[in-house]
Structure formats: structure tokens, C-alpha cells
Amino acid sequence: MISTNDLVNANFLEHPFLMYPDTRFFFPHFTEQRKVIEIAYGFMGSNNDPQKNLGVIAGPVGAGKTMLALKLASSVHANLDQGITHGIYMKTNTITEPRHFLMTVIDALGLPSSRSNANRLGSIFNHLADTPQGLLLVLDGPPVDQDYLFEMLTWSVENNKKIKTLIFLQDLYETTTNLGDLNEFLGLYHPFRAPSVQEIANMLYSRCKMAGHPDPLSLLDEKEILNIASNSHNSLTNALIQANQYLEELLEEKKSKLTIMDI
């Protein structure tokens, strides 16, 4: 396990290859992810068809959906002219009950808590109706409970699309079966490809720079970075795991040499 001292001694301020839920480590140079961001912003800013307030973005495992979802949820505050002032990210596999979904929205909007799901839903609608604020729900995974989301999207149709939803799914082939009755609101469907070997290599280098290393190639040379990217099978997750393992081995080797020299 890499310690803080190991990182400091290797000229890092942070660990570059951990799966941070931190949008500072979002790498905006994947061609397909840039396209997704542009399409998503276009969808969020459009009020052309109030019936279509649900977007689905689908990609393969390890393609970077979670970081992309976090980035979109956290950046909508800069788009007040589009009427969206609250972006809420939800990892759907952590939502075990319908009330958890509603409670997350209630907390994000700063509304008083309630014991009743009906009251929670009513509180959300009343708040959005009485203020210029809008809501963007970003779901990382298929919605666990569709009933309340259906009610929210139905209300949104009648209220100038104040609630919009983006769902990030893994399944490229059976996407609509994950949505059920929500399909009637579907206004955006965009599948995206996994990043290329060169894009992953660039991402690994960029993470080292963002973590504070002045010269990443002195630690992981270009050949090694490309080798890790190639062996990742176009998965960002696999690339980060392999890069982390390589860094651990490299730092252990450096510590071992220092110990021998000290003796």
C-alpha cells in the first residue's frame, strides 16, 4: 500500500491513480466524452418538447461513465441561464428504498424532512413551482424505483421541464428494457465508445501532472504508459488499477535500493 510519505518522496501531492469521485481528475480530452458533454448540455438547455425530459447515455464497462456523470452533475451550477441550479448525482446501487431517492433530493434542495413519501414529493414540487430553480437528476445506473421518478417527470412536463434527468447505463443493447414506463419521456439516447489506447495513455500522464509530479515520464516512461494503456482493453478502470500496481512496485523498489545504500 502506498503511503503519504511514499507519494511525497516521489514528487506527488496526491495519489494519481485512485478512482477519485473528484471532478478535478476528470480528463476532458477523450473525443467521445467531449461529445457527450456537448450533447448533454444541449439537452439540458432545450425546452423544445416538454414531453421529452429524460436522457440516456450508455457506454461499456470502464469507459468513464461515473466520472462523466459526476462532472455533469457538479457543473450545472455554472449554467444558471439554462434554468438549472441544482445537479444531484446518485449512484443507484446505493439506493435500496424509494424514500432514499426522495430524501436525497430533499436534502439537496435544503427542504424540511418529512416521514411521508407523498409529503416529500409534494414538498419538492411546491419548492420548484415557487422558485426559478430547476433540477437535474444524474443517475449512475438504472433507476431502482421508477414510480417516483415517473411522477417527477410527469410533473416536469406540465411545469416547463423544471426537472430533467440523465441516466448513465452500461447496457448498450437492452437499454430501453431498463426504463420501463419512463421510455415515454426519452428525448436523448447517446451510446459512446470506450477511449483509445492513446487517449488512455494521455489520461495517465495527465493524472500524474494533476497530482503534482513535475515530470511524469521520469517515473513512468512513455513505453510503460503505452503498455499499461494497451493492456487495459480500452477500460479506464483497468488502466488505473494497472497503473496503481506499477507505481506500488516502483516505489517499493526505490525504497529497497535506498535501504541497501543506507546500510
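The strands (runs of 3 or more DSSP E) found entirely in the range 113-223 that carry 1 or more residues being buried (at least 19 other Cβ atoms within 10 Å of the Cβ) and either without any contact (Cβ under 8 Å) to a residue 40 or more places away in the chain or among the polar types (S, T, N, Q) (or both) are 163-169.
Within the range 41-64, the set of residues being exposed (fewer than 15 other Cβ atoms within 10 Å of the Cβ) and closer than 20 Å to Phe30 by Cβ comprises Gly42, Val61. Residues considered: Leu70, Leu13. Of these, the only one that is farther than 23 Å from Leu219 by Cβ, open to solvent by 20 Å² or more (accessible area, probe 1.4 Å) and modelled with pLDDT of 85 or more is Leu70. Can we say Ser206 is of a type in the set (S, T, N, Q) and at pLDDT 95 or above? Criteria not met by Ser206.
The values are calculated or read from the model by the stated rules, or taken from the named source; none is laboratory data. Keep in mind that this is a model prediction, so the values were computed, not measured. Note that we place each Cβ from the backbone using ideal geometry, even for glycine, and neighbour counts take in every protein chain shown. Heads up: the accessible areas ignore ligands, DNA and RNA and are worked out on the full protein's heavy atoms, side chains in. Shrake-Rupley method; radii C 1.70, N 1.55, O 1.52, S 1.80 Å.
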